[in-house]
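Notes follow once the structure below has been shown.
The values are calculated or read from the model by the stated rules, or taken from the named source; none is laboratory data. None of the values given here were measured: they were computed from a predicted structure. Positions of Cβ are backbone-derived with ideal geometry, glycine not excepted, and every protein chain shown enters the neighbour counts.
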Amino acid sequence: MASHKTIILGIETSCDETASAILLKQNDRINLVSNIVASSSHIQAKYGGIIPEQAAREQVKAIIPVIKEALEQAELDPEDLDALAVTQGPGLIGSLLVGVETAKTLSLVWNKPLIPVNHLIGHFYANWIDSNPSFPCIGLLASGGHTDLVLFESHGKFKYLGGTRDDAAGECFDKCARILSLPYPGGPQISKLAQKGDPKSYSLPRPMINSRNFDFSYSGLKTAVLNLVKSMAKSELVKADELSHLCASIEQAIIDPLISKTIQAAKRFNINQIIMAGGVAANQKLRVELEKNCQLSINNYQLSIPPPYLCTDNAAMIASAAFFTDKTIDPLKLQADPNLSLAY
Ligand code: KG4
Ligand code: ZN
């Protein structure tokens, strides 16, 4: 008997990426068939951050070519699709509208069901592409806008454990990079320079690392870096070694609380599986150190992390999440929601 196949096309436009991907689910396994991401970050890099109107203008230009390319690379026609999935929120409203309105139109024209996806839940579902983490699991989301810990009981059923009280981990990377005059996005820049540095060179704060909850705080670290840089002579900072040492110290101060709180959560709730997601999960040092901590623990936690290209914003994670929900919506009723969250 032929096994049942489901094909979903995902659309993601919550920030400065315009992305579309096609995923195939067969025999309980999800495979990536095509994955297109067009980014306007080279434009944002010039301004040290995202200008929302400019990001949305670029997305209006890119959305149709990106969807066409996803279909072409998959060698599929619209009639081969079983459903469309789109990021409903959270994100920049102008950017979200581009994806949502396009998805609504295509759903009507192609006569395909439409599945709205919370971008934050979508990030976690990058872990189900070509893989199958077990439940219950602790999920750490570390991205440019969010730093959250959740306990997943099953698909779609989760409990919010805690999150950042101010800046997100990725935002801290980006703001520290800006202080150091490095281009946006700052995470990859800092982590590249950090490779040759000693993370113990500068003593930087790790706010809330010992708090008895699952919250995070990163704005104090950013301020500490700003004060440190102001106190340093310009001649010191232009020395490549010094900049590397500072970047390594910043990187370590950002990732330490992420690792510590994730392991604490697994311990507290007696859970064996950990999943990580979000742009900061692309950070090599965080990946290696969290893995090491999981293995060294007497509980020998199982760790799932998507490949780096599925950690940063993409549409594959949105399509992946859509396989695990039956929440379709009338396209005429779907509205972008910039304030969707995980905390209920
Ligand atoms: O998940 P994402 O692509 O977008 C949001 O939903 O926010 O995350 C973007 C964030 C940015 O702050 C960026 O600096 C950070 O992820 N990031 C990294 C790395 N790659 C991206 N941070 C540290 N190391 C990286 N390799
Ligand atoms: Zn994201």
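Residue-level check: of (1) assigned to a loop (DSSP other than H, G, I, E, B); (2) surrounded by 14 or more Cβ atoms within 10 Å (Cβ to Cβ); (3) charged (D, E, K, R), K200 misses just (2).
Among G170, G145, G187, which is the only one that is in contact (Cβ under 8 Å) with a residue 12 or more places away in the chain, more than 30 Å from F324 (Cα to Cα) and within 16 Å of ligand 2 (Cβ to nearest atom)? First the steps, then the outcome.
Values: G170 fails: more than 30 Å from F324 (Cα to Cα); G145 fails: more than 30 Å from F324 (Cα to Cα).
Going through G170, G145, G187 in turn, the sole match is G187.
Looking across the stretch 203-240, the residues that are part of a helix (DSSP H, G or I), in contact (Cβ under 8 Å) with a residue 40 or more places away in the chain and either crowded, with 19+ Cβ neighbours inside 10 Å or of a type in the set (D, E) (or both) come down to L221, K222, V225.
Residue by residue through the stretch 122-150, note down the ones that are in a strand (DSSP E or B) and under 17 Å from the mean Cα position of the chain (by Cα). Across the stretch 122-150, the qualifying residues are I138, G139, L140, L141, A142, T147, D148, L149, V150. Cβ separations smaller than 8 Å between residues 6+ apart or across chains give the following pairs from the stretch 62-80 residues that are over 15 Å from E12 (Cβ atoms) to residues that are of a type in the set (K, R) and at pLDDT 95 or above: P78/K112.
The set of residues in the stretch 179-192 being at negative phi and more than 11 Å from ligand 1 (Cβ to nearest atom) consists of I179, L180. Selection within the stretch 5-26: residues that are among the hydroxyl-bearing types (S, T, Y) and more than 12 Å from A83 (Cβ to Cβ). The member of this set that is nearest to ligand 2 (Cβ to nearest atom) is S14. Exactly one residue out of F323, F269 is more than 16 Å from ligand 2 (Cβ to nearest atom) and surrounded by fewer than 16 Cβ atoms within 10 Å (Cβ to Cβ): that is F269.
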